[in-house]
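Worksheet: the structure to be examined is printed underneath.
The values are calculated or read from the model by the stated rules, or taken from the named source; none is laboratory data. Predicted, not measured: the structure shown is a model, and the values here were computed from it. Cβ placement follows ideal geometry from the backbone for every residue including glycine, while neighbour counts extend to all protein chains displayed. When the accessible area is computed, the model is the full protein with side chains, heavy atoms only, and any ligands, DNA or RNA have been set aside. Shrake-Rupley method; radii C 1.70, N 1.55, O 1.52, S 1.80 Å.
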Amino acid sequence: MNRIYVARSAEMREGERRLVDCDGFEIGVYRFDGRFFAYKNQCLHQGGPACEGITIARVVDVIGADSTFLGQRFDESDPHIVCPWHAWEYRLLTGECAGDGSLRLQRYDIEERDGSVYVIVP
Amino acid sequence: MNFSPAIGTEPNADIDSRTMLKNAARQAAARGYDDFMIVDADSHHHESDVWSEIFAYMEDPVHRHLAEATKGRFLMRSIGDYSAMSGRIPRRHLLRKEKLPPGSNGEVVRTIRWMDAMGVDVACLFPTPMLGLGLHPNVHTEVQLSRAYNRWLTERVLAEEPRIVSMLYLPMNDPAAALKMVEEFGDKKGVVGFMITSTRYKALYENAYMAVYRALEERNQPLAFHSATNWADQSMCLTNLWIGAHALGFPWFNMVHLTNWVTNGLPERFPRLKLIWIEAGISWIPFLMQRLDQHYMIRTSEVPSLKRLPSEYMREMYFASQPLETVRNTEALESTFHMINAETQLLWSSDFPHWDMDLPSVIYDLPFLSEQAKRNILGENSRRVFKLDYGLSAPKLARRRAGEAATAAK
């Protein structure tokens, strides 16, 4: 098991992503809502660098009570990690693929110790 | 929430396509692409980035002046395209900012960089905005710009880099000009065939085109139909989202021309002419085979030139693979491969750098293909169709030599 240093916890602002090297691949570490999340930088589609793209809120259709389309909005509570190769999207909170919930980015545990953030690689 | 931007989109970021494609290079190493040849049957560059160079090749001085004065705005504009998903796919934006060695041939360096990252030995290069040029109402514009582009491409790119080849644009709104293009450019270095952009409203079975097809058949050079979509098309306007206009439009325009090609008996008139259908994926082919066969058996007398089922002619055609339909349908994909004789007729293509590009792994990782079938689709089929008489790229050969030397040293 490897414990890889990411950053001092206080150095990472809300919404920030950092990439850490891990012997031939990278891991993306995100801070959101005071928590840290870590995923392998490899998309489940064609292997793109999933953690190098934008992070953007989930898009939601707004449908009226009469079933009419009223517009769209962003759901800021559910940010998506977007692979820059083909825009496959993953829920930042779980790693689930937005288009197919049976697929998940490889997730790693986070350890916070003495004010620092580490990724745990089995 | 203020999220981190995409890597490379930060101000003053140092853009290098090789870094953007590092995961592709890892795939190439892990799958041993150095052991066999990979040919990309359909890749692109954005010729609008070098309009000034291309316009200088325009022969009509007044049209050249028009092109330069308008900086290309004399061309038709699409009514819309947001294929980059509102910044979710930043590739096009980033590649425009890539720093290249001073004094280098930009188009060649850019292309070779992504080819090497993916493990591609030879790439067939096509333009991007010009895929819609066949819609321009001014025939003279199509002829002038396509001739300028073909002159620029052959002189500035193909003549300088043997790993880049192309099938040149045919201005089909002017059949005589198209024939002249074949005769004038057919023997140029790196010209492996000719290409018709599928989004156009000319009937390509008309007699005026037979001399073009005859010339290509006699030269044993393939004819490609490169599809695109046209959101301004009345049928496409029924789709309110780009996902619909793209998913339907690309197969649609190839289906129309393929249907006309077969039902007008052109495979019987040009039995040795190799056809390649590009950038529509492959899932539409079984559909069209079944539809045409079904109709043919009832309406045989309407198409008396045909001596076989439409699907039998189609099985002798070639198809570029991208964008390969790989999501959750391995069984359907395997059936499609079987129906189209993929082992000899399918040509892997990347479509790089466009938003729905494919890597060689879309073929290499398929569980139902033999190693030889993978190698055929990834390279050998194109090598045969394009008559490429060279093999592995210099970087692959160098890595192989280094590997052999390291083994010997042990």
State all residues of the range A:27-49 that are open to solvent by 10 Å² or more (accessible area, probe 1.4 Å) and not small (Gly, Ala, Ser); if no residue qualifies, say none.
A:Arg31, A:Phe32, A:Asp33, A:Arg35, A:Phe36, A:Lys40, A:Gln42, A:Leu44, A:His45, A:Gln46
Report every pair of residues separated by at least 6 positions or lying on different chains whose Cβ atoms are under 7 Å apart, first residue within the range A:3-15 and away from every other protein chain (no Cβ under 13 Å), second aromatic (Phe, Trp, Tyr) and open to solvent by less than 100 Å² (accessible area, probe 1.4 Å).
A:Arg3/A:Tyr118; A:Ile4/A:Tyr118; A:Tyr5/A:Tyr118; A:Val6/A:Tyr118
Need at least 3 residues that are away from every other protein chain (no Cβ under 14 Å) and touching a strand residue (DSSP E or B) at 6+ places or on another chain (Cβ under 9 Å) per element, so show me which helices (runs of 4 or more DSSP H) inside the range B:348-410 make the cut, counting only ones lying wholly within it.
B:381-385
Cβ pairs under 9 Å, 6+ apart or interchain, first in the range B:281-301 and touching a residue at least 40 places away in the same chain (Cβ under 8 Å) and more than 16 Å from B:Ala247 (Cα to Cα), second among the hydrophobic types (A, V, I, L, M, F, W, C) and assigned to a helix (DSSP H, G or I), ordered by first then second residue, are B:Pro286/B:Ala332; B:Pro286/B:Met339; B:Met289/B:Met314; B:Met289/B:Met339
Extreme residue, most open to solvent (accessible area, probe 1.4 Å), among residues of the range B:334-347 that are assigned to a helix (DSSP H, G or I) and of a type outside the set (Val, Ile, Thr):
B:His338
Which pairs turn up if I take residues in the range B:6-25 that are farther than 15 Å from A:Cys83 by Cα and look for partners that are open to solvent by 40 Å² or more (accessible area, probe 1.4 Å) and part of a loop (DSSP other than H, G, I, E, B) with beta carbon separation below 7 Å, at least 6 apart in sequence or on another chain?
B:Asp14/B:Lys99; B:Ile15/B:Lys97; B:Ile15/B:Lys99
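For (1) among the charged types (D, E, K, R); (2) assigned to a loop (DSSP other than H, G, I, E, B); (3) surrounded by fewer than 15 Cβ atoms within 10 Å (Cβ to Cβ); (4) within 26 Å of the chain's Cα centre (by Cα), each residue gets a yes or a no:
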residue: B:Leu292; (1), (2), (3), (4): no, no, no, yes
residue: B:His295; (1), (2), (3), (4): no, no, no, no
residue: B:Arg308; (1), (2), (3), (4): yes, yes, yes, no
residue: B:Tyr313; (1), (2), (3), (4): no, no, no, yes
residue: B:Phe319; (1), (2), (3), (4): no, no, no, yes
residue: B:Leu324; (1), (2), (3), (4): no, yes, no, yes
residue: B:Val327; (1), (2), (3), (4): no, yes, yes, yes
residue: B:Ala332; (1), (2), (3), (4): no, no, yes, yes
Can you tell me which residues in the range A:69-120 are out of contact with any Gly (no Cβ under 8 Å at 6 or more places or on another chain) and at positive phi?
A:Gly71, A:Gly95, A:Asp114, A:Gly115
With farther than 21 Å from B:Trp252 by Cα, within 20 Å of the chain's Cα centre (by Cα) and part of a helix (DSSP H, G or I) as the only criterion, which of B:Leu216, B:Leu179 stands out?
B:Leu216
Can you work out which of the residues in the range B:113-147 that are hydroxyl-bearing (Ser, Thr, Tyr) and out of contact with any Ser or Thr (no Cβ under 9 Å at 6 or more places or on another chain) is farthest from B:Phe185 (Cα to Cα)?
B:Thr141
Identify, please: which residue in the range A:57-86 is in a strand (DSSP E or B) and surrounded by 21 or more Cβ atoms within 10 Å (Cβ to Cβ) and is, among those, nearest to the other protein chains (Cβ to nearest Cβ)?
A:Val82
State whether one or more residues within the range B:330-346 are free of Cβ contacts under 8 Å to residues at least 24 places away in the same chain and within 14 Å of chain A (Cβ to nearest Cβ).
no
Does any residue of the range B:182-192 turn out to be over 24 Å from B:Pro323 (Cβ atoms), assigned to a strand (DSSP E or B), open to solvent by 10 Å² or more (accessible area, probe 1.4 Å) and of a type in the set (A, V, I, L, M)?
yes
Restricting attention to the range B:16-39, the residues that are within 11 Å of chain A (Cβ to nearest Cβ), open to solvent by less than 40 Å² (accessible area, probe 1.4 Å) and in a loop (DSSP other than H, G, I, E, B) number exactly 1
Test of understanding: among A:Gly24, A:Gly95, which residue is over 17 Å from B:Asn2 (Cβ atoms) and exposed (fewer than 13 other Cβ atoms within 10 Å of the Cβ)?
A:Gly24
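Residues checked against (1) free of Cβ contacts under 8 Å to residues at least 60 places away in the same chain; (2) among the hydroxyl-bearing types (Ser, Thr, Tyr):
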{"site": "B:Asp49", "(1), (2)": "yes, no"}
{"site": "B:Ser52", "(1), (2)": "yes, yes"}
{"site": "B:Val62", "(1), (2)": "yes, no"}
{"site": "B:Ala67", "(1), (2)": "no, no"}
{"site": "B:Gly72", "(1), (2)": "yes, no"}
{"site": "B:Ile89", "(1), (2)": "no, no"}
{"site": "B:Arg96", "(1), (2)": "yes, no"}
Tally of residues being within 14 Å of chain A (Cβ to nearest Cβ), open to solvent by 70 Å² or more (accessible area, probe 1.4 Å) and aliphatic (A, V, I, L, M) across the range B:64-115:
1
Checked the range A:16-43 for anything within 11 Å of another protein chain (Cβ to nearest Cβ), assigned to a loop (DSSP other than H, G, I, E, B) and either on the phi < 0 side of the Ramachandran plot or among the aromatic types (Phe, Trp, Tyr) (or both); matches are A:Glu16, A:Phe25, A:Asn41, A:Gln42, A:Cys43
